[in-house]
Amino acid sequence: DAKTTQPTSMDCAEGRAANLPCNHSTISGNEYVYWYRQIHSQGPQYIIHGLKNNETNEMASLIITEDRKSSTLILPHATLRDTAVYYCIVMGSKLTFGKGITLSVRP
Amino acid sequence: EAGVAQSPRYKIIEKRQSVAFWCNPISGHATLYWYQQILGQGPKLLIQFQNNGVVDDSQLPKDRFSAERLKGVDSTLKIQPAKLEDSAVYLCASSPRGTGYQETQYFGPGTRLLVL
């Protein structure tokens, strides 16, 4: 399964968009990009996934570059409850979690 | 739709004792996963079941860890005897089909184990 690279942490102001980057330069053609998040003391929560096209749901948008080597998760209007660790995962045969990026939303 | 249920939520034991965790997946989900999450790290897959058969247990420390899913529904994970380094959160997840499919896994709240 392809490996992903994420910054260790970032912050954003409440109400602003949070753009979380992820590099996955060794992704294969049939591997999906998945995003999960984990709020303190909870299990991971599925956010969104995509293969080639950009995707949007009620939680977030996923922008995947044309060469599929990187992607960005966008939380359009971040709230304090969005403070969490966000995992970008390239899913081949299994979910392999890295350390993720810690997003801190400040008031 | 009810989510993945796990119990207990917290457990404190002394080293060399045994402990068991229980998981009830989302109704109808064929595949069940157990993950171990050590503080500061992402979850690591321990074992994957499809129905009542083991698909992947390559990361399970089989000298002390065991897991079963006898009727293809709920599952138990046991540690016997526990070591200090087993202190972690044990997460259960399920997915509709599993093996051979890239599909979303849904996680339970986890069981936080502290070994003293």
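Things worth noting here:
- The residues of the stretch A:55-72 that are under 11 Å from A:Val33 (Cβ atoms), polar (S, T, N, Q) and in contact (Cβ under 8 Å) with a residue 12 or more places away in the chain, listed by number, are A:Ser70, A:Ser71, A:Thr72.
- Residues located in the stretch A:1-54, provided they are charged (D, E, K, R) and facing chain B (nearest Cβ under 10 Å): A:Glu31
- Pairs with Cβ under 8 Å, 6+ apart, first in the stretch B:32-55 and surrounded by fewer than 18 Cβ atoms within 10 Å (Cβ to Cβ), second charged (D, E, K, R): B:Ile38/B:Lys44; B:Gly40/A:Lys99; B:Gln41/A:Lys99; B:Asn51/B:Arg69; B:Asn52/B:Arg69; B:Asn52/B:Lys71
- Filtering the stretch B:66-101 to residues that are within 14 Å of another protein chain (Cβ to nearest Cβ) and assigned to a strand (DSSP E or B) leaves B:Ala88, B:Val89, B:Tyr90, B:Leu91, B:Cys92, B:Ala93, B:Ser94, B:Ser95.
- Qualifying positions in the stretch B:39-59 - away from every other protein chain (no Cβ under 11 Å) and either outside any strand (DSSP E or B) or not small (Gly, Ala, Ser) (or both): B:Leu39, B:Leu46, B:Ile47, B:Phe49, B:Gln50, B:Asn51, B:Asn52, B:Val54, B:Asp57
- Unique residue being away from chain B (no Cβ under 14 Å) and not charged (D, E, K, R) when the list is A:Thr65, A:Thr96, A:Thr102: A:Thr65
- Test result for B:Thr104, modelled with pLDDT under 95, within 14 Å of chain A (Cβ to nearest Cβ) and at negative phi: yes
The values are calculated or read from the model by the stated rules, or taken from the named source; none is laboratory data. If you're wondering where the values come from, they're calculated on a predicted model, not measured in any experiment. We place every Cβ from the backbone using ideal geometry, glycine too, and count neighbours over all the protein chains shown.
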